[in-house]
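Some notes on the structure that comes next.
The values are calculated or read from the model by the stated rules, or taken from the named source; none is laboratory data. Everything numeric here is computed off the predicted structure, so don't read it as measured data. We place every Cβ from the backbone using ideal geometry, glycine too, and count neighbours over all the protein chains shown. Each accessible area value is taken on the protein alone, full model and side chains, heavy atoms only, with ligands, DNA and RNA left out. Shrake-Rupley method; radii C 1.70, N 1.55, O 1.52, S 1.80 Å.
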Amino acid sequence: TYNETRTYNVLMTFTEDVSGCSGQRTTVVNVQEPPNIDFTFDGENDPIICGPAQINFFGNVESEFPVTYDWNASNGQTGMTEDVELGFDLGTFDIDFIVSTIPSGCADTITKQITLVGPQGDFELSDEVICDGDIITFTLVDTSDVSSYIWDFGDGAIEENITPIDPQYIVDASG
């Protein structure tokens, strides 16, 4: 067992049974320490990270040897540089940062969790095609953790702070 990070010269001496002749072979073993690693990310010290979002991750690596980087997020996102930007929807995700020395592959891994929160919701319309002057109904569906709504009807009309249950809107194409 090698207990120190350094280069060891290994010598093997062998002897032939019949003749008693001997020979030697030498080789070198380089013992590398795994890198010392950590990482931080945007919003790490914030009590809340709103999502969905692109999050920057910053590797902190100490190594005497060249290294490779491998980021793996539990949502399938990956990266292979010291610093990466990964995208996340709402939820809790594990982030693995693996750094390996070259060429031995001595590795260290650190895992942290990130949680992104935010409102969720969608809406449906009573009709996708209507005539000028017709009434269309927008119905909220699948809402979660929502405290207010702003409706932008796409024609310059905006409604704020209205009860968002089935708002109706009269379309006026004449302006």
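What is the Cα centroid distance between the stretch 74-150 and the stretch 15-44, reported in whole angstrom?
Each part reduced to its Cα centre gives a spacing of 43 Å.
Using a 1.4 Å probe over the heavy atoms of the protein chains, calculate the carbon and sulfur portion of the accessible area of the chain as a whole percent. Spell out each step's value before the answer.
Details: 5530 of 11920 Å².
On the chain, the fraction of accessible area on carbon and sulfur atoms equals 46 percent.
Can you quote the Å³ per residue value for the convex hull of the Cα atoms in the chain, rounded to an integer? Spell out each step's value before the answer.
On the way: hull volume 37.9 nm³, N = 175.
Each residue corresponds to 217 Å³ of Cα convex hull volume.
Using a Förster distance of 30 angstrom, determine the FRET efficiency expected from the C-beta separation of T68 and E4, and round it to 0.05.
Details: r = 24 Å, r/R0 = 0.79.
After rounding to 0.05, the efficiency reads 0.80.
Measuring with a 1.4 Å probe in the full set of protein chains, what accessible area per residue, in whole Å², belongs to the stretch 24-135?
Numbers: 6930 Å² over 112 residues.
Value for the stretch 24-135: 62 Å² per residue.
Name the residues whose placed amide hydrogens come within less than 5 Å of the amide hydrogen of I49, ignoring near sequence neighbours (fewer than 5 apart) on the same chain.
When sequence neighbours closer than 5 places are left aside, the close amide H contacts are V117.
Taking the dipole about the Cα centre of the stretch 10-106, with the C-beta of Lys and Arg at +1 and of Asp and Glu at -1, give me whichever of V10, V61, T40 is farthest to the positive side.
Value: V10.
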